[in-house]
Amino acid sequence: MEENSIGTGQDIVSELANMDFSKIAMSDVIGYIVQFGKNVILALVVYFIGRFIIKYAIKLLRKVTQKRQVEASLTSFLNSLISISLNLLLAIIIIGILGIDTSSFLAVFASAGIAVGMALSGTLQNFAGGVLILLLKPYKVGDFIEAQGFAGTVREIQIFNTVLTTPDNQTIIIPNGPLATGSLKNSTKASTRRVDIDVEVAYGTNPDDVRKVLDAIIEADGRIMKEPADKAPYIPMTTMGSSSIVFQMRVWADATDYWAVKFETTERIYRELGKAGIEIPFQQMDVHIKS
């Protein structure tokens, strides 16, 4: 009888225990389902709000790039880059709301980013330089620039490189990184340029005679600007050299006419000074011999 009572008591305890655990398990399942449902609803709300913000940001970026007349290729690239980045960030936020640990995802992305950045450090620098050049526009296609020891007309601005054509028709490819961070001279950025031409004449020449000849040359050339006052022609005497006195013709012209005005005016000065009987001296040295 004692053994039967013991066995019956054990059975009762086992059944009670099983009933309690099942109730607890069911309660947990119901609580988990309710919490998960709340998380899903919150995730959906965040998703739709995030998608709206992303679309608005892309639209705003497109308006800004169009207003600044950014290259179409760069605009498309920036839109894709920002869209992918924001969607990736939204996905990570939603995963976190659903209760999934995002630390592993962030660690993987960070490790991958560091590895790619170290492997492509030079390329990324050139890419960043290309983006800055296309956004800030220190030069554009058709400009004549001097940079990194080279000079030429900009033929093409790529994401990683800028292609120049030299006056003797050679092609120069310069990485955008140094161009974006280094010194650069843009000779055609402004619409007008000043043309400086040195004119050497012999000692004893009347300065008024020199200016009369140069004024006539300036007046006859329609490409040379006569006004406004700050761009009016000016002919100062700049130097008294070892064998000549030097005048400098300072005139303004359109940037596109710079070289034509400089070369043609220099030749015209030589001809007109000869016609006027004004001597253009050779380099000379006076030697005095004492006995």
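Suppose R0 equals 22 Å. What FRET efficiency, 1/(1 + (r/R0)^6) with r the Cβ-Cβ distance, do HIS288 and TYR203 give to the nearest 0.05? Show your work: numbers first, answer last.
Details: r = 17 Å, r/R0 = 0.77.
The value I calculate is 0.85.
If you plug the beta carbon distance of ILE53 and ILE173 into 1/(1 + (r/R0)^6) with R0 = 30 Å, you get a FRET efficiency near 0.15. Pairs with C-alpha atoms separated by more than 21 Å, drawn from the list LYS137/LYS226; LYS189/LYS231; LYS140/LYS226; LYS67/LYS185, are LYS137/LYS226; LYS140/LYS226; LYS67/LYS185. Evaluated at 20 °C with a viscosity of 1.002 mPa s, what Stokes-Einstein diffusion coefficient in µm²/s does segment 156-264 have when Rh comes from the Kirkwood expression over alpha-carbon pairs? Diffusion coefficient, whole number: 127 µm²/s. For the peptides 139-147, 205-213, residues were scored by their other Cβ atoms within 10 Å and the scores averaged per peptide; the highest-first order is 139-147, 205-213.
Computed from the C-alpha gyration tensor, the three semi-axes of the ellipsoid equivalent to segment 120-188 are 19, 12, 10 Å, from longest to shortest. By a straight-distance test (C-alpha under 16 Å), which lysines pair with LYS63 as possible cross-link partners, with residues fewer than eight away in the same chain excluded? Leaving aside lysines fewer than 8 places away in the same chain, those within reach of LYS63 are LYS55. Could you calculate the FRET efficiency of ARG194 with ILE280 from 1/(1 + (r/R0)^6), where r is the beta carbon distance between them and R0 is 22 Å, rounded to 0.05? For R0 = 22 Å, the calculated efficiency reads 0.40.
Counting Lys and Arg as +1 and Asp and Glu as -1 over every other residue whose Cβ lies under 14 Å from the Cβ of ARG268, the net charge comes to -2. Peptide packing: for 240-251, 162-173, the average count of neighbouring Cβ atoms within 10 Å per residue gives the ranking 240-251, 162-173, highest mean first.
Readers should treat all values here as calculations from the given coordinates under stated rules, not as data from a laboratory. These numbers come from a predicted model, not from an experiment. Note that each Cβ is placed from the backbone with ideal geometry, even for glycine, and that neighbours are counted across all protein chains shown.
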